[in-house]
Amino acid sequence: MNLFGLYLPGTSWLHRLPVGAKYVLLLVLTVPVLVIAAPLPSLAALAASMLLLLSTRVGVRPSWSLPRPLLVLLAILAAYQVVVGQPGLAVVVTANLVTAVYASRLLTLTTPGPVLIDALVAGLRPLRVVGVDPERVGLAVAIMVRSVPLLLDTFEQVRQAARARGRERNLFALVTPVVVRAVGQAQATGAALAARGLGES
């Protein structure tokens, strides 16, 4: 299952909305709740993102489903906050994380990936004057978007292998292979970029 979702063609109003406006919508849904850090605004933003996803008419499963590793992470974060006596913060943290995922899907489900990256690069061009390289940022985002589902798939494969050996409760047995594979993937990506002269500062 892809965390952020893949582009699904459609004719909804969000499909027709300019990509710049979609980025603004993402910021409106995610940034204020991070600043306010209160349960009610966080839940309101989550509900708004869920309704907006439904308005894309791509289906409930592509819109709302979450990968199992993310659900486990959310449960751990919420449980920790409850244990330390901050149930309100448990709501804020989990709701904000899910809202961020859903808000990202508003972009990725309704806009082709290359269009998203091109828009981001274009939006960052004025920052060249302060040393920002828009093309490198765009490349980094493209790599990140590709890497996240790969890491989630790796975690799921490792979890299934650990379960087959009766070691699914061993955190070390789950985390270590994922870290090793992630480092290997990062090294391979870095080598490929360097071979093309893209890793030079």
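Where helices (runs of 4 or more DSSP H) fall wholly inside the range 101-201, the ranges with 2 or more residues that are modelled with pLDDT under 80 and within 26 Å of residue 71 (Cβ to Cβ) are 134-164, 171-195. Of all residues assigned to the range 11-22, none qualifies as being under 15 Å from residue 99 (Cα atoms), among the hydroxyl-bearing types (Ser, Thr, Tyr) and modelled with pLDDT under 95. Restricting attention to the range 77-88, the residues that are part of a helix (DSSP H, G or I) and free of Cβ contacts under 8 Å to residues at least 40 places away in the same chain total 8. Within the range 39-50, the set of residues being within 29 Å of residue 122 (Cα to Cα) and surrounded by fewer than 18 Cβ atoms within 10 Å (Cβ to Cβ) comprises 48, 50. In the range 12-38, what residues are surrounded by fewer than 17 Cβ atoms within 10 Å (Cβ to Cβ) and charged (D, E, K, R)? Across the range 12-38, the qualifying residue is only 16.
The values are calculated or read from the model by the stated rules, or taken from the named source; none is laboratory data. Quantities reported herein were computed from a predicted structural model and do not represent experimental measurements. A quick note on method: Cβ atoms are made from the backbone with ideal geometry, for glycine too, and the neighbour counts reach across all protein chains shown.
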